[in-house]
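Some notes on the structure that comes next.
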Amino acid sequence: MNIKFINFLRLFVLAFTIFAIAGHAFLPKKKLVLHPAKASIFELFTDEGAGGKSSVEWIDAENYRWQCILRESETYPVCGFSIVLSERPYKTMDLSSYDALKIKLRYTGGAQKIRVYLRNSNPAYNPSGDIEEAKFESIVIRTSDIEQETEIQLSEFSVADWWKDQYDIPRNLSQPEFNAVIAIGIDQAPPIQYGTHQYQLSSLVMTGDWIKQETLYLYVILSWMLVLAWEVATRLILLYRRARRDSANLEALQAETDKFRELSHTDLLTHIANRSGLDIHLEGIIERQGNLKGYVLMILDIDHFKRVNDQRGHDAGDRILSQFASLVSESVRADDFFARWGGEEFVIMLKTTDTGTALAVAEKIRLKIHAETMEPQRPLKITVSIGVAMITGNEKFNSAFKRADKALYQAKRGGRNCVILADKA
């Protein structure tokens, strides 16, 4: 194990952690300049198209300075400026990765508030792609707050109620969206102040983090997890090699010991665990977790097996027991434990807490046995009855066994070839 390399790796990740936590706030923001931008289209608009009397004109188009004159009429007074990202068909711009909009706007007039808005297009509510139907998201700002460059958080924008009412927008589409913006605009907000208003827009810039703080912290955690995982893996490999080296002279003796131990815990006929092996398995579970909670006990009993022995002989009975054990072994998982209890009776310790799963496994075994043909030379069909007991709390094995055995008895009395779930403890 290279201690120097591990120490270097730790220092490297520590430096990265310090940089991520302390330096994130000082990282430069990513920027997207929306104005001035050559590709954009600048439009002035009023309420004249709806029968209003307001007017708008450029005072200095080169420097994006315009004048609105709001006049009272029967139409709601509207006058403003819009930046459209393209000609029809409108292109959209994804601004969802940004956090804020910085605006530098000079205003002269008697209005108390102005409105900054975005129009977001989504086929779900704007199938035509028209700007007038696009989602209207805005924020109202006091004119006294925009004397200098102002930063507006995108989280401050809200969807206009009039837009939701006009297009009957469902609740799931009523939240702000910034992933398909087609226009950005400025106009006057209520209370409406009639008269002359002059605006000059110097800049519109989107800002945001290159990497979100939560994402950066996630990378820090992953970095430490990788370092720890690498160190643990390295240590495990070292221990494994040392163990192999230290145990080289004991391998032959250990193999013999394991062989005899396995034989003492294995049923010689079916080659699965016997009752002694089951006891050891149960002891291991209790040693690990203190009880048998999280397991299901199944008792399986071959139906009318005595009749098989009487009619076919004990040799045939032994072959059927062996084949039965093989079929059931194929249906249990690595986490489960299958053992022969004695005679034609077997048990399964199924690792699950779900009753439906336990019954499904038992039913799968029952159907598999029912479908199998034993003794190909002299075909024979057998069936199995199964009692199932869910082990909960600190219930002992003997208690669970009695409940499963009672369920098995009910299965036998109910006609055999079925699965019965035991009553709760």
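The values are calculated or read from the model by the stated rules, or taken from the named source; none is laboratory data. Computed from a prediction, not measured in an experiment: that's the story for all the values here. Cβ placement follows ideal geometry from the backbone for every residue including glycine, while neighbour counts extend to all protein chains displayed. Note: areas computed on protein heavy atoms with side chains; ligands, DNA, RNA excluded. Shrake-Rupley method; radii C 1.70, N 1.55, O 1.52, S 1.80 Å.
A few remarks follow.
- Among T143, C79, L32 the positive-end extreme of the charge dipole of the chain (Cβ point charges): L32
- Isolated Cys residues of the chain, judged by Cβ distance under 4.7 Å to other cysteines: C418
- Heavy-atom accessible surface of M225, to the nearest 10 Å², is about 110 Å², with a 1.4 Å probe and all protein chains retained.
- Placing +1 on the Cβ of every Lys and Arg and -1 on the Cβ of every Asp and Glu, with nothing else charged, gives region 1-96 a dipole about its Cα centre of roughly 1040 debye.
- Listed residues H304, H197 arranged by accessible area, highest first, probe 1.4 Å: H304, H197
- ³J(HN,Hα), Karplus 6.51/-1.76/1.60, whole Hz, each residue of region 264-270, x for Gly, Pro: 6, 10, 10, 6, 5, 7, 9
- Kirkwood hydrodynamic radius (C-alpha pairs) into Stokes-Einstein, region 282-425, 25 °C and 0.890 mPa s, D in µm²/s: 158 µm²/s
- Evaluated at q = 0.14, 0.20, 0.25, 0.27 Å⁻¹, a Debye calculation over the C-alpha positions of region 327-378 (equal weights, vacuum) places log10 I(q)/I(0) at -0.42, -0.79, -1.09, -1.19.
- Peptides 417-424, 143-150 ranked from most to least packed give 417-424, 143-150, packing being the mean of other C-beta atoms within 10 angstrom over each peptide's residues.
- Percent of Cα-Cα distances greater than 19 Å, calculated over region 109-197: 43 percent
- Accessible surface of the chain [probe 1.4 Å, protein heavy atoms]: carbon and sulfur percent: 53 percent
- Taking the convex hull of Cα positions in the chain, its mean projected area over all directions (nm²): 37.7 nm²
- Residues of region 30-181: accessible area per residue with a 1.4 Å probe, Å²: 56 Å²
- Once the 1.4 Å probe is applied to the protein heavy atoms, region 363-420 comes out at 55 Å² accessible per residue.
- Placing pseudo-labels 7 Å out from each Cα toward the beta carbon at T17 and S329 gives an inter-label distance of 4.9 nm.
- Rounded to the nearest 20 debye, the dipole size of the chain about its Cα centre is 1760 debye, using +1 on the Cβ of Lys and Arg and -1 on the Cβ of Asp and Glu.
- Farthest positive-ward along the chain dipole, Cα basis, beta-carbon charges - from G109, N120, S326: S326
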